[in-house]
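Structure first, commentary second.
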Amino acid sequence: MEKYVIIGVYNFERFEIMSNSRSNFSSKLGFVLATAGSAVGLGNIWRFPYLAAKHGGGMFLLTYLILVITFGFALACAEILIGRKTGQSAINAFSTLSKKWGFVGWFAALVPVIILPYYSVIGGWIFKYLFAFISGQATATADDGYFVDFIGKVGSPLGWFLLFIGITALIVLFGVEKGIEKASKIMMPVLVVLTLVIAVYSACMPGAWEGVLYYITPDFSHFSVTTVLAAMGQLFYSMSLAMGIMITYGSYMKKDVNVSSSVHQVEIFDTGIAFLAGLMVVPAVFSFSGGSEEALSKGPSLMFITLPKVFESMPGGTVIGIIFFLMVLFAALTSSISLMETVVSVVQDKFKLNRKITCLIVFAGSVILGIPSSLGNGIWANIKIFGFAFLDFFDFISNSVLMPIVALLTCIFIGYVIKPKTLIEEAEASAQFKEKKLFSVIIKYIAPICIILILGFSVLEAFGIVKV
Ligand code: PHE
């Protein structure tokens, strides 16, 4: 990554010349693949299905889809364009465009700092399951108590967490992300095919059809502000938005790449995998546990409890399970690398440290922050913050509080400070921006109003003032 000095606040031409020295994604395909590598991860495979199960199935899916094509599209374009225009990553991009707004970059940078540790705890769980399947314990994992028993321990989940974050840190430290990205170009398609196969199998299990219907038919009685907040947080999380990551990716994008069509491709890919993952998990819950409310609201553990049962009942399930967990591990690693890379580059830039030391500091800090998330499922289970266990608390604070705030500030910044026109011009430097009207309206009015309403209601609800 080349670095250069910012020499003026509104000096765009100069930036454009300089940004030529920044190493670029060689093509649109390169950009889309790299962005998809960051976007597709545990968010799609682990988080989306449990949220869909919990928040009313089809109602959640519909809300999510509407948000993807409106908010998701506008915000992804906005971030990429800010990055491409300034040639800077989040921290500097905002202050480059307007000195006073630099703090938004800082807010955004805080998000990956919170996500990385607990993301790695879950990455560790994936590792554990891969190992369990390889070492012939596939049947044991299908047992009802296996997962709860495992995450309730002290040493084992901590060990797998350390392994996951350790590998992430080594890859970032030795700068071998390229190798991982190459490997994930093979892994990703395998993951898609496998998810499809498992989803079809799962949907055909006895009693699963009811689950398919629950997953795809919106039942408006399930609609609440919490559903929208959950879907919005998930959208940001899954597309790696509202945390500065897309700004950084945009800063490496060439000027002749069509932004809106790249965003469409990433969205289709990301949402497609999440949809299939839901189809793989939700109907299976109905098949194995009858779709009771209790079974559906299992939260973060849902995938780990349900999928081993699916694999156990499948012919060749152990082998399929091994390949599946291996692919998911890769998808999780490409995402955790992108999270750690972001944190490292922020710390490195700000404190002018060398890269090795920075990697070590970020690694150590993430380990310390990750420990409560791991122990919170066992010996620290009775410690609650605002009623949340540690992992759920970090997840809530980043997804349902910080990211909506960053998104809101980003929209206000674009809508009223630099004006949508500035970014539309940037987009049109490469191709016609057909959705520019939609883009402006969402950024200026719809997104800010909706985010304020949703945040407002959820705060009131949290304090028990209204019931929504
Ligand atoms: N988008 C990733 C996922 O769905 C998570 C992630 C968030 C990755 C932020 C990088 C940055 O798993």
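Looking at the square roots a ≥ b ≥ c of the eigenvalues of the Cα gyration tensor of the range 208-285, which shape do they give, rounded for a/c under 1.5, prolate if a/b is larger than b/c, or oblate? Prolate is the answer for the range 208-285, as a/c is 1.5 or above and a/b outweighs b/c.
Provide W46, W380, W101 ordered by accessible surface of protein heavy atoms (probe 1.4 Å), highest first. Mind dumping the intermediate values first?
Working: W46 0, W380 90, W101 50 Å².
Largest accessible area first, the residues go W380, W101, W46.
Each listed q (0.15, 0.20 Å⁻¹) maps to a log10 I(q)/I(0) for the range 113-248, found by the Debye formula over equal Cα scatterers with no solvent: -1.24, -1.44.
For the range 95-193, the convex hull spanned by the alpha carbon atoms encloses 178 Å³ per residue. Across the options L51, T217, V148, the greatest Cα extent toward the positive end of the charge dipole of the chain (unit charges at beta carbon of Lys, Arg, Asp, Glu) belongs to L51. In this simple spin-label model, placing a label point 7 Å from the Cα along the Cα-to-Cβ direction at both K421 and K178 gives a separation of 4.2 nm.
In the assembled protein chains, C204 presents an accessible area of approximately 110 Å² (probe radius 1.4 Å). Computed log10 I(q)/I(0) for the range 340-468 at 0.21 Å⁻¹: -1.10, from the Debye equation with unit scatterers placed on every C-alpha and solvent omitted.
Working with all protein chains in place, sort S98, S221 by solvent-accessible area computed with a 1.4 Å probe, largest first. Before the final figure, lay out the partial values.
Numbers: S98 15, S221 95 Å².
The residues order as S221, S98, largest area first.
Are there chymotrypsin sites (Phe, Trp or Tyr not before Pro) in the range 156-225 that DSSP marks as loop and that have at most 13 other Cβ atoms within 10 Å, and which are they? Filter output for the range 156-225: F174. Residues in the range 206-234 near a label at L460, defined as backbone nitrogen under 12 Å from the 7 Å Cα→Cβ point? Flagged as within label range: 225.
Straightening the chain between K100 and V200 buys 30.8 nm, computed as 0.36 nm per residue apart minus the Cα-Cα spacing. Estimated from helical segments only, the mean residue ellipticity of the chain at 222 nm is -22500 deg cm²/dmol, where each DSSP H run of four or more residues counts as -39500 (n - 2.57). Over the chain, calculate the relative contact order: mean separation of alpha carbon pairs under 8 Å at least 6 apart, over the residue count, as a percent. Reported as a whole number, the value is 31 percent.
Taking the 1.4 Å solvent-accessible surface of the chain as the whole, the part contributed by carbon and sulfur is 69%. On full extension, the segment bounded by S297 and L213 gains 28.5 nm, given 0.36 nm per residue less the C-alpha separation. Straight-distance candidates among the lysines for linking to K182, with alpha-carbon spacing under 21 Å and chain neighbours fewer than 8 residues away dropped: K28, K254.
Using only the Cα atoms, work out Rg/Rh for the range 74-144, with Rh taken as the Kirkwood radius, to two decimals.
On the way: Rg = 20.3 Å, Rh = 15.3 Å.
Using only Cα positions, Rg/Rh for the range 74-144 is 1.33.
In the range 392-462, the convex hull through the Cα atoms has an average projected area of 5.6 nm², a quarter of its surface area. Remark: the chain carries 39 Å² of accessible area per residue (probe radius 1.4 Å; ligands, DNA and RNA excluded).
Of all lysines in the structure, those lying under 25 Å Cα to Cα from K100, and not within fewer than 8 positions of it along the same chain, are K3, K85, K350, K352, K419, K421, K444.
Our compactness index for the chain, the C-alpha radius of gyration over the empirical 2.2 N^0.38 Å, is 0.94.
Spread over its residues, the convex hull of the C-alpha atoms of the range 260-323 is 106 Å³ per residue.
The values are calculated or read from the model by the stated rules, or taken from the named source; none is laboratory data. Given the structure is predicted, the values throughout are model-derived calculations rather than measurements. In this analysis, Cβ positions are derived from the backbone assuming ideal geometry, glycine residues included, and neighbour counts consider all displayed protein chains. When the accessible area is computed, the model is the full protein with side chains, heavy atoms only, and any ligands, DNA or RNA have been set aside. Shrake-Rupley method; radii C 1.70, N 1.55, O 1.52, S 1.80 Å.
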